[in-house]
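Bear in mind that the values in this text are calculations on the coordinates, not laboratory data. The shown structure was predicted, so the numbers you read here are calculated from the model rather than taken from an experiment. Don't worry about glycine lacking a Cβ; one is built from the backbone with ideal geometry, like all the others, and counts go over all protein chains shown.
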Amino acid sequence: MFVMFQMVRTYKPKGKRLNWNQEQLQNAITDIRSKTFTIRAASRYGIPRTTLQDMMHRANMAEAKPSKIGRKPVQALTLNMS
């Protein structure tokens, strides 16, 4: 017996990626620095707890504002073949 399945034509992502903006992230980090628990700040601003922990770690490493959301751009490599 052979059953044939048809692929879905329109794919709808099921994940919850990037449902916040840079201002909410900055406010959450400010709350954490003012001794609010990470879990409480995460639920208040709708940002995952692990994301806040990563951003706090990056901010502590650089002692600056948190980096932008998303991956860093990939630069093309140039090879000198002489």
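Label separation (Val74 vs Arg58): 1.9 nm, computed from points 7 Å beyond Cα along the C-beta direction. Taking 7 Å along the Cα-to-C-beta vector as the label spot, tell me the Arg40-Thr10 distance in nanometres, rounded to one decimal. According to this spin-label approximation, the distance is 4.3 nm.
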